[in-house]
Each structure stands twice: as C-alpha cells, then as structure tokens.
1. Give me the percent of the accessible area of chain E that comes from carbon and sulfur atoms, probe 1.4 Å, all protein chains in place.
2. Is any helix in chain A, taking whole DSSP H runs, at least 20 angstrom long along its axis by alpha carbon and on average at least -1.0 on the Kyte-Doolittle scale, and which ones?
3. Over all pairs of distinct alpha carbons, what does the Kirkwood formula give as the hydrodynamic radius of the range E:2-214, in Å?
4. Normalised by the residues of chain A, what does the relative contact order come to in percent, with Cα pairs under 8 Å and at least six apart?
5. Which lysines does B:Lys162 reach when only Cα atoms under 19 Å apart count, and residues fewer than 8 places away in its own chain are ignored?
6. Over all pairs of distinct alpha carbons, what does the Kirkwood formula give as the hydrodynamic radius of the range E:117-201, in Å?
7. Would you work out the relative contact order for chain D, in percent, from Cα pairs under 8 angstrom that are 6 or more residues apart?
8. If the only charges are +1 at each Lys and Arg Cβ and -1 at each Asp and Glu Cβ, what is the size of the charge dipole of chain E around the Cα centre, to the nearest 20 debye?
Amino acid sequence: QETRPLVVFAAASLQTALTAIAADWQRETGKRVTFSFAASSALARQLDQGAPADLFASADLDWMDFAEQRRLIRAGTRRTLLGNSLVLVEPVSETPVALAIAPGFPLAAAIGASRLATGNVQSVPVGRYAQAALTALGVWTEVAPRIAGADNVRAALALVARGEARFGIVYATDARTEPRVRVVGTFPAGSHPPIAYPVAVTAGSTHPDAVAFLAYLASPAAVRIFEAEGFTVLR
Amino acid sequence: MYALSLTPEEWTAIGLSLRVATVATLASLPLGILAALLLARGRFPGKSLVDALVHLPLVLPPVVTGYVLLVLFGRRGPIGAWLESTFGIVLAFRWTGAALACAVMGFPLMVRAVRLSIEAIDTRLGEAAGTLGASPAWVFLTVTLPLALPGIIAGAVLCFAKALGEFGATITFVSNIPGETQTLPSAIYNATQVPGGDAIAFRLSIVAVIIALAALVASEWLARRSGNRHGAPA
Amino acid sequence: MYALSLTPEEWTAIGLSLRVATVATLASLPLGILAALLLARGRFPGKSLVDALVHLPLVLPPVVTGYVLLVLFGRRGPIGAWLESTFGIVLAFRWTGAALACAVMGFPLMVRAVRLSIEAIDTRLGEAAGTLGASPAWVFLTVTLPLALPGIIAGAVLCFAKALGEFGATITFVSNIPGETQTLPSAIYNATQVPGGDAIAFRLSIVAVIIALAALVASEWLARRSGNRHGAPA
Amino acid sequence: MIRFACRLTRPGFALDAAFTAGPGVTALFGPSGSGKSTVIRLLAGLERPEEGRITLGDTVLLDTARRRTVPPHRRRIGLVFQDALLLPHLSVKANLTYGRWFTPRGERRIAFDPVVEVLGIGHLLDRRPATLSGGERQRVAIGRALLASPRLLLMDEPLASLDQARRQEILPFIERLRDAFAIPVVYVSHAVEEVTRLASHVVRLEAGRVVATGTPSEVFAAGLDRSGGDRFALRSVLTARVKQRLPDYGITLLDHPAGEIVVPGLLPLGDEVGVAIRATDVALARGPAGDLSTRTVLDGTVTRVEADASGPFATVTVTLTGGDVIVAAVTRLAAAALDLAPGVPMKALVKAGAIDESGLPGAVPKAQPG
Amino acid sequence: MIRFACRLTRPGFALDAAFTAGPGVTALFGPSGSGKSTVIRLLAGLERPEEGRITLGDTVLLDTARRRTVPPHRRRIGLVFQDALLLPHLSVKANLTYGRWFTPRGERRIAFDPVVEVLGIGHLLDRRPATLSGGERQRVAIGRALLASPRLLLMDEPLASLDQARRQEILPFIERLRDAFAIPVVYVSHAVEEVTRLASHVVRLEAGRVVATGTPSEVFAAGLDRSGGDRFALRSVLTARVKQRLPDYGITLLDHPAGEIVVPGLLPLGDEVGVAIRATDVALARGPAGDLSTRTVLDGTVTRVEADASGPFATVTVTLTGGDVIVAAVTRLAAAALDLAPGVPMKALVKAGAIDESGLPGAVPKAQPG
Ligand SMILES: Nc1ncnc2c1ncn2[C@@H]1O[C@H](COP(=O)(O)OP(=O)(O)OP(=O)(O)O)[C@@H](O)[C@H]1O
Ligand SMILES: Nc1ncnc2c1ncn2[C@@H]1O[C@H](COP(=O)(O)OP(=O)(O)OP(=O)(O)O)[C@@H](O)[C@H]1O
Ligand code: MOO
Ligand SMILES: [Mg+2]
Ligand SMILES: [Mg+2]
C-alpha cells in the first residue's frame, strides 16, 4: 500500500480551501495530502524540472497550458474546477463612493490622486483580468496611470485595507476575507476572460490516489467549502 | 548586440533602478556608518537589541519587511503621515519609497562591513590623534572614517548590489508602477511570471549584472586609490 | 506565552529552518573563506569576474537565482543529474536544496565579511610566521584564519541570518513542501497569503527574530572570547 | 611644574607612583616593564588611574577625588610614542601638520621648516608611513608632536632606533625646545648618556614604584648598589663657570674650585654649566700625574669607597675642593694598590674626549626651532 | 659563510650592496634609512631584488640569474624584526613555541627554559602581546626567533628598547648562540658598543651602498672622517692572551706584547681574546704615567695624527709593540702640548672600568642555552 502522502502543488490563493478539503479527505479516508503553495509560475517550472508532485492546481490558464504543452500533466485529467469574479473594493475607512460599474464609469475621477491597487497587469493574473475588464468598459486609458501593481492579490488587498490605495480590483474570494474593505461592485462576467482554476494530475505521478483526490475536489463536501470561500464551482 | 536591444520601458526601469540604488546607498551611508560606529565602539545597555534591529531586514522574509514598511511609512502609517505633514515627503508609491525599501534591505550588509573595518582599526591611532589635539569628533572624521574606508566602500557596494536585486520588500511597499516604482528586479520578476518571459528576464538580468560589475570595478579602483595601508616593507 | 504557542507544522518549519540555516552556513564557510582569500590576496586575470560572480545572488532577484538553481541543480539539470548519478545526492525538492539556495544567497555576504577581515591583516605578520618556518598553507591556518576570525564570525552570522529570511530563491528552487522544504520564511509567506494570516506571520516572524538574536549574541560572545587583538595599552 | 600621583592596577602589575617635575627635562628611567610608558599614558590622559591627581602648572588635569579629568585632546600635551603610531593613511607631511589644525593660531610657536631640517625628513614629506624605515618613522613622530606646539612634551624612548649621529643632532634640538620655548619634557630612555645630557631631574621607576628621584648626579652617582649594578650608569655632575674659550682648539676651559676643566665646544663666557661625567671615565691619581693627554686634573679627598664584593669594581667617591662630588669606578685591584680609603687626598683625571658636548647647554645646534 | 649581492630600487632609494660574512656575528651598521632593514629582509627572503645572489654555506638561497629562490619558510633563517611583530592572537608562550612546530625534531637545539630565563619573560607566558610593554615585546620576539633553532639569525636592532642591565644579560647569551651552536648572526644596531662587543665583522652601509667592511677595529678605528665624525664610534681591538686570573679581585690579566691588559671578569686561561677599546677611553702619556688607578699601560709609537680641523679633537693612531694598533681621541690642545707626531714614542693608558666585559668571549653568562 502507498503510505507516501499525496503531493499537491497549488497556487497560493487556493490555500485555505484546499487545506480544509484535504483535512476532510483525511478524516474520511485516512490518507494524507501534502501541499506546496507558491506562485503558479514557480510551480509550473518546478514540474518542468521533475518536481515530485501528483497534482497541479494553477491560478490561471496560462501556466496550465504551459504544463500541458510540455506534457507535464497526464492527458485527460485536466479540468477547470473553479471560477471567481472580479470586484472593485475600497477601504471601509473611506466614505462609501457611489459608483456603478458600467461602461465609461468615472473611476479615474474617483481615484483622483490616489491609486488603484491590483495585481501587476503584465504578470499577475488578477491584474490581467482587471486590465481586460477596464478596457472592455472603456476606462483603461484614463485609469492606467493610477494603477499600482502588486505581486499578488493579497498584497493588493493589503494596500486597500491600509487605505494606501483608494480602490482595488481583487477577486471576490479575497474581498470577503478582509473586513477592512468594502465591495463597491462586481465586474460583469463578460468584461474579462473567465477566471479559471484548472487542476490536473501530473505526468510523473504514480500515486494511486491522485485521481481519487482530483475527483474528491468536485465532491459535494469540497464544493461546499469552495463556495463558502466565494469561488464559483464550474461543472 | 541585438539580444540586448531594450524596450523604452526597460530603459526606464534601468534608469529608475540606478537612481533608486544610488540614492538608497548614499542616503543610508551616514546612518550606516553611525550604527556601525555605535556597535563597534559603543558600550551601552541594549546593544544586542540594536544589533538585532539592524539585522532584522535580513532575517525577515522581504515580504514581511515590505509590509512593515507599508504599515510604518505608508501615508496612513505613523511615520509616513508625519513625514508628509511635516516635510511634505511622500514615500508611498514613489521611487523614494523604493529607495527606502532598498536602503532598509541593504542596511545590515552595509553596517556589518563598516563595523568590521572600524573594529580592525588600532584604537591607539585615535589616541595618537587625540594627543595632537583632535577631539573625538575630529578623530572620527580624520582617523576612523578614512581608515574604515575599505569597509565603507565594501558596505556601499553590497548595499548597491542588494538594491539592484531587491524586489520583495519594494513591490510590497510601493508596488509596481512603471516609471515610478518599477525597478529592474520588478521588471525581471514580471517577466518570469508569464510563460515565455524567460528571454526577457535573462536579458534584463544581464543588464543588472553589467551594472553591478561596473560598480564593483569602480569600488575596487576606489579602494586601491585610497591607499594600501598595510603590508608595505619597512 | 499563549500568543507564541505554535502548531506542530510550525515547529517543523522552525526545526527545518534551523537545520537549513546551520548547514548552509557551515557548508559554505570553507568555500567562502577560500573565495575571500583569493579576492583579498590573489592576483590573477579575471579577478573582477570572480568578484562579480560571487555578488551575483545579491544582484539578481531571488526568483531568478532560484530559477537558475532549479535549471542547474534540478533532477534534470546538468549538475543535479551528475550529482545524483555520481554521489546519489539529490538536492531538488529536498531540504538539502533549500540549504544550497540559502548558502548561495548568503555567499556574497559571507565572502565580503571574510575578505574585509583578511585585507585588514598586516601581511608582515605572515612574513614573521614564514621566517619561523611556516609555509604559506600553515601561515593561512595559523595566522590568517585566526586573525580573520571577526570577519568569519560576521560572515557566518550574516549568512545564517540571511538563511533565516531567504525565501524567494528557496521557494523557486525547492518549492514549499511542509516537513521537507517549507522553511520558516516560506511558512511566513504562506501565512501572508491567507486571510487573517497576519497574526501567524507576526508570530513566526518573532520566532525568526528570536533565533537571529540568539545567533547574534552567540557570535558576539564568540568574537569577544577569541580575543581583543587591538587597542590594548602598551 | 608637574605634580603626578597615581595608582593603577593591572593583572600582575601595579603602578603606585608619585613625583613632581619642574621645568626642563625630567627623565623617567627604569627597567623594561617598570611602568614608564604607563606613567606617560597617564600624563597624556590615555589611561585612567583608579585613584590619582595630576596637575600641570595651575591646571588640574586629573583629580579622581573630585571626579575631574581633562580629556587628552584638551591637555595640549605632545606625546612621542614608543612605536611611532603614525597615521597610516596620511602622507608624512600631513602627519607632521596634523596637530597644527588643532593648535590655536597664536600658540603655533614651532615652525615647520627647521623641525623638518633637524630631523632630516625633508625628502620623505610625500611618502606614506608604511614605506619608511624604522628610524625615519620615529623622526616623523617626533616632528609631529613638536609641531603641535605642546605645553608639555612626553617622549617615550624617542631616539632608541636612531643612529648616534642623528641623535647628536636631535638632542640639542630638544634642549632648545626646553630652553627657548620653556616646554617641559618628560623623557623615557634607557640611555644613561641621553638622560644625563638632557635631564635636570630623574625619576627612577622599578616595578611600578618610584625608587629614586633627584638630579642625574644624585640618582646616578648614588653608588653601584643603587644604580642597578650598572657602573656605566653612574654619573657625577660638576658645576663650573666658563673661564676661557680657545677657538683655535675648539675647546672651552671651565673654572672649578678643584681645578680647570677642559670641555669640547665653545661655550658662552661667564655661563655656569653642569658637566656630566661618567664614573668609568674618571681615573684617580695619588701623586702627581705624568705627562698625560688628560688635561683635567681635579683635587680632592676620598670620602667613600664602596666595593662591590662580587664584582671587579669599586665605586670611589671623591669630594673635590669646593664641595662638588665626583664618582670614579676603578678596579678593586687598583683601589687596593692605591690604598684608597676615606681621607686620602686624591686627584681625579677626566678626559675631555669623554665629555659629551651635546650635554652642555651652550652647544651650537645645527638648526634652530622657529 | 654568507655571500650577499643584491640590487633593488625603490622610488627615492636604491640598494646596491655586496658583502660576505663569515661565521660569528656580522654587524650591519649605518645611518637611519641606509638600507639595513632592507638587507635583512632580502636575506630572509621577504623581499625580491631586481638582481642578486645570496648563498648561505653551500645553499643558494637566491639567484636571479638562474631564477632560483628558496622561499622564506624553507630558509630556516630566524629574524627579529625591528618592531617585534608578535602574533597578536597567540599568547606569549604560543608565540615563543610557534617556530618549533616547523623545526625538524633533530634540529631543535635550543631549549625553552633557559631562553625564557635569560630574557626574563617567564611571568609573561600567559599574556597576550597587546598587554606587553615595548621592551617585553622585543624580548619575546628575540626568544621566538631563537627557539626556531635557525641556521642563521638576523636581528634588526633587537636591543634598542631594552635597558642597560637587560642588554648586559642578553648580549652574552647571543654570543653563546654564536659560539656554542655556531649560529651565524647578522646584527643591525646603532650602538657601537654592542657592535664591537659582538661582531667579528662589520658592514657599514650608507644610502644603500657598502662603504666599509672589515673587523670592528678596521671599520671603527678608521679615523674620524670615515666613522661619520663620531668619535664615540671609534674603536680599536687588541688581541691578547689570558695570562692570569685574579678571582679575589674579579679581574683577569692579559698578556700583550706592549704590556699587561687588565680586564674585568674571569676569562679561561690561555684563551686568545679580542679587547675592544673606545678611542675616547684611551689616554696618552709621553713619559711615566704616575701613580694612577689606571693599570693598563701599553708601549708604542705614534704613527698617525689626524686632526679634525673644525672640531676639538684629533685622532691619534699608536702602533703598539707587537704591531697592534690603538686609536685615541684627544683634544687638539693636548696633541699640541704633548707634541704628538708620527715617530714619537708613546704610552697608551686604558681604564679597566671602560672595557666592557660582556664583549669578552669567556664572560660568564647568567644562563646557558640548552
Ligand atoms: N616602499 C618604499 N618606497 C620608497 N622608499 C622606501 C620604501 N620602503 C623603504 N624605502 C626606503 O628605503 C630606505 C631603506 O630602508 P630600510 O628600512 O632598509 O632602512 P634602515 O637602514 O633599516 O633604517 P632604520 O635604521 O631607520 O631602520 C629608506 O630610506 C626608506 O625610506
Ligand atoms: N593589559 C595589561 N595587562 C596586564 N599587564 C599589563 C597590561 N598592560 C601593561 N601591562 C604591564 O604593565 C607593566 C608596565 O608596562 P609599561 O609599558 O608601562 O612598561 P615600560 O616601563 O614602558 O617598559 P618598556 O621599557 O619595556 O617599554 C608591564 O610589565 C606590562 O607587562
Ligand atoms: O532578501 Mo531576498 O532573499 O531579496 O527575497
Ligand atoms: Mg614602554
Ligand atoms: Mg630598519
């Protein structure tokens, strides 16, 4: 019998949910799961160098594509598990702004001399989604000079929470965890590419439970946890 | 070289990084030398604590340091708010903030180097200067400081090099605003975060290495010029 | 203290970090001293390049260093594959790899400190030992090495402290696997990535600071014990 | 006037010394490790005693009882260290002028050029200390201390690494300082000649304690037992008046109640001078001396004969006409042969060649302090 | 046998010196900055000349023509540096024994205890060099070099910072080394007394060139002009045989063709010894000397009178019965009064007290090398 724990390489933003699910799974099956949470980019490259992972959960499609092109994942196991939505947030310390997210809405004016914090628009997924959404709404050119790009969502969130930035664009899942921010509005799903969290069994995995755990991630128990976190579970 | 042909944004990042690294190094030198002097020669209670404080940025993950900087020096932070209201100095989201982050991250390296050099100075030379009428302050300026020059140069080089590579604390504190706070390492980091960005990252890394090499060669030259104080025959 | 009561995983991370930092420091010492000696006393073409190479991990963003390590020392990397087939040593995704990453990141700090101390030694002391029959190797062992002790201790402390804080290169090279490669800074990073993790991050940071403080105090004690070689009256 | 009294303890060594030193040169004399450098460092303020009081003229430099201490840089006390301690990063010239910055303009009494000339370091001005020879380093250290125009000059074996010729040039220069600028000097040296030439006062230290003080003749003519068994350290000092200068012969005749003393060099007429004479340079004659090259023959009476039982020599004290005392070291064989005993009339013969003219006050120095 | 020939240039200084040195002590003598330390460093292999050849016995230590050089640590040449250079991180004891590790067991000819005793450093063994006084440091440096049992010992002003009493103890010890172990010594000193006591051979350097070589009497008796104008540096060395020991008086009578010489101390009967005599310690008598304390009266004839026109003194060379030459420094006045001129018969008077017994080979040292 395989006693080695199952190793899951997962994007840092999935940490809370996956840890809870793994605890349930262990309670049910007695089998242990070990995670390595890091940036999707780092994990994908590590897979490329023969990392001993059984499952890979990415925070965006690009790095899963990268893995797939390099045959780092087992064919046919890839599935897009989760979705998320993009929200505009502001610090609770500010007087609530009356701003409706719509094409041409006066975001730039509302930001004023302050900043809008989000992920880095070139490299961090949430930043790329934000750029896409603002572009689709026709306000990107005005807002672009006021963007402060953090290197991950939580850093962006912290900038808003501390009141350093007047607004932030983050995932809905993150926004609800931070009491010091208030959601101003949610970006229409069509304004940006779908926010997706793909998972797959790695090509090198020999662990007998890899597929089973992958399936468990779609189990009702797991779905409950994901949804409690604010994810939309895609079926 | 074609491979190194850089985009305008990259040039901006390079220029900014040079400015940030230079300012970080020069601005932290006086404090660094003072701290080194205090740790090398001073005797006061809580010296270990000061020592630990100086080393803090080395011990903490850069993200934590960046966050602490944000909390203290952000516009809403106690020091940041005071600086803004008193001197009109804003660090948040400015290149000056990047310089502060780099200075803080390079500080332990600088202090250690200077301290080592100060500790290696024969205290009797200061005594000799004292008998010639030099007050402790003058002794510091005319004896300790010049004799610690190897350490000061080494400390400055370390701080400068660290500033060229520092990224975690910087991006956490002042985020990544092209033209304002996007330094060379931030640009490199960005490149590594997108599939296929390796070539760009490599190119920019080469630039960083070339700058560091130039700084090293300049520092060695400076150190040599400042005179060999040992090992001469007699 | 209740606030500091740690989970078993956190204890594991602390233990691992201690092991990683200790091994990184001790294992890089010999090479660091050698490099420092070469840079301090050697005269050879390409010295600037060696110097630059040593500083590289400082200049490059840690992510890049980590990636370079991954490419070179990974199981599929040229050096990693050779090490595995020849000696059976595996670094990738092992705590040994974390130690390598920390050693590499701390290397420039160590080399600089040792080099400064070596350069401050009066070469005539080595000559004196030579006239007493000590070959250059013995001079190194019995004169240069003990007299460079302040620098060696300082270098070791810097390397150790850096290893306690190093995160970027480590997580990029050996990932973040609890019990194997999840060091204290990686655990802190993880904490910062979850809602409400600030308290955990703070708690773990305090632990890191306490360890560093202990190391500092120990090093100062060691340095004092090794003898004050200056400033005595006569 | 310096008043010194300090107590200081180190593992294995305790200093407990008190002395006063007037104007002129005070010599600190004593075996290696006796605490001479420690006293010098205390005077300069580089060492704090457990208990002590030091005054220079009217100034209290240190008074542990009243918790007062003047820091070294306010003492204006020059110090020539035993091991030079030049500032390695400065040129010789910058080392020399270092102290000037800190000397009030009105008190810069000593000019650069003559000091450089006497010390023979003009060709070294642009060099770094590391490239100097041992003696060159020491000369620069002397110049550096002088050029700060100190109120008191401390010199710790300043001439030990210099050749005789250079010494002969520097010694009169130090005397000039003493005389022309009235800078008191505390001088550490193992060379009895130097001490007797320069010093008006000797403090002899042993194991951290003052074992003898007084004029050189008092301290060094005190008999073999009190001179540490070294007959070469025994001196007498005769006081005589300049009677006649013989420029053709380059010598001067001094008038002493016991006879005429011939000394090399031309001294100012009428001056009263002290002539230091080593005990080993004095021969004794019972009857008339023959036709000798030795011109100085002094009349007196043996007042004391101390035979060093184990050694070959006896110290014979002759009280000269007029009351001055001269000490001679002769073999015990000769003492026996001449029947030397208290009360015996005796002639003391002193070779002019053995008298060091640089010890005489009027000796013409090669250069003058500015 | 050392053969030395080297050329070396530094900005403002050029060394171009060649000399040979036999067994025994060879003194390097010359003014500050003349290149003495440089020669020492070349001998030790610490400096490379542009051109040169150095051999010690059969061993070629350096030959630039053949591009051969033995590195310092293989030369087994001990060096006492002008500034001690003790290893600051080691205790005094560890400094002393440092060289032993590297000395082949069979060649450890010098024992620890006697060296420590003679140097008087027993109480310092556990101390760190930084806490030593100047003289203590230098004594440890001497011990350290000795205890490596070198094949050649180089000493650069080793006794400059020591008191007379300590010097008197160490000098015979160095002679023991020279004699008992046949360790040749190259010795730098500004003290003429030391040089004449120790050295069988003197090399006088000036501005990097050898200006005179020979025995001490040849070099130092060469007349005032050649001795650098310093009459105190003038010596003669007389060779005499031990005739009689007078233990009661602690003196020895030597047989010399020109008369009996009285020297302090008890020398081995029958030995031939060289007695160094300073020109300032020699008096001349034309007729009978009278009833003097001076017992040594030597017969001879004036062969040369060199008057130093500007100074007070004349150097008078007297060729003694048997051929030895003695030099006296007398005033020109005395020279005129005694009608000194070549051919005049003359008696040379030498006080026993002025002869330094530590310069005599048989002098009993306080301790013996092991
Ligand atoms: N690096 C250098 N550059 C220029 N001149 C030098 C250098 N090193 C030594 N010298 C000169 O070489 C000469 C000889 O020096 P050395 O130390 O041999 O003298 P020395 O005879 O030992 O003198 P001392 O009796 O003062 O010790 C000196 O004039 C010194 O200034
Ligand atoms: N830190 C110390 N610990 C113990 N003993 C010390 C310390 N410093 C100095 N001494 C001792 O104090 C004594 C006096 O030293 P000092 O330097 O005053 O002697 P000195 O008379 O100048 O001797 P020298 O003629 O050899 O220079 C010496 O025996 C020395 O060993
Ligand atoms: O201190 Mo780092 O290791 O630059 O992220
Ligand atoms: Mg001393
Ligand atoms: Mg010398």
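The values are calculated or read from the model by the stated rules, or taken from the named source; none is laboratory data. Given the structure is predicted, the values throughout are model-derived calculations rather than measurements. When we count neighbours, we look across all protein chains shown, and the Cβ atoms used for this are built from the backbone with ideal geometry, even at glycine. Side chains included, ligands, DNA and RNA excluded: accessible areas come from the protein's heavy atoms. Shrake-Rupley method; radii C 1.70, N 1.55, O 1.52, S 1.80 Å.
1. 49
2. Numbers: long enough: A:15-29 (21 Å, -0.40).
Qualifying helices, which must be both long enough and hydrophobic enough, are A:15-29.
3. Computed over Cα pairs of the range E:2-214, the Kirkwood hydrodynamic radius comes out at 17.5 Å.
4. 30
5. Within reach: C:Lys162.
6. 13.4
7. Working: 820 pairs, mean separation 60.9, N = 370.
Relative contact order here is 16 percent.
8. For chain E, the charge dipole is close to 1480 debye.
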